[in-house]
Amino acid sequence: MTRIWKCVVCGRYTLSSDKCPSCGGPVKNPHPPNINFQDKYINTIVKLRRETKWKQA
Ligand SMILES: [Zn+2]
């Protein structure tokens, strides 16, 4: 799984764990990566449920 880091200076997300490619500032792990996947998963479920409701209605 790819870790996503967030620059503490400019707030940009980056895949670089060393430093921000944009401003060179330090990066930190904003939150556990699995939360990102969970959000993505929930959004997909919500979308699917909406589509299912449309078909049923
Ligand atoms: Zn930055």
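The values are calculated or read from the model by the stated rules, or taken from the named source; none is laboratory data. Keep in mind the model is a prediction, meaning the values are calculated, not measured. Please note: Cβ atoms are built from the backbone with ideal geometry, for glycine as well, and neighbour counts cover all protein chains shown.
Computed quantities for the displayed model
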{"item": "Residue match in region 14-35 (condition: at positive phi and either hydroxyl-bearing (Ser, Thr, Tyr) or modelled with pLDDT of 90 or more (or both))", "result": "yes"}
{"item": "Neighbours by Cβ (under 8 Å, 6+ apart or cross-chain): first from region 20-31, near the ligand (Cβ under 8 Å from one of its atoms); second among the basic types (Lys, Arg)", "result": "Cys20/Arg12; Ser22/Arg12; Cys23/Arg12; Gly25/Lys19; Val27/Lys6; Val27/Lys19"}
{"item": "Condition met for Val8 (touching a Gly at 6+ places or on another chain (Cβ under 8 Å) and either at pLDDT below 90 or not acidic (Asp, Glu) (or both))", "result": "yes"}
{"item": "Total residues in region 1-30, condition among the polar types (S, T, N, Q) and not in a loop (DSSP other than H, G, I, E, B)", "result": "1"}
{"item": "Residue in region 36-48 that is assigned to a loop (DSSP other than H, G, I, E, B) and either at pLDDT below 80 or of a type in the set (Lys, Arg) (or both) present", "result": "no"}
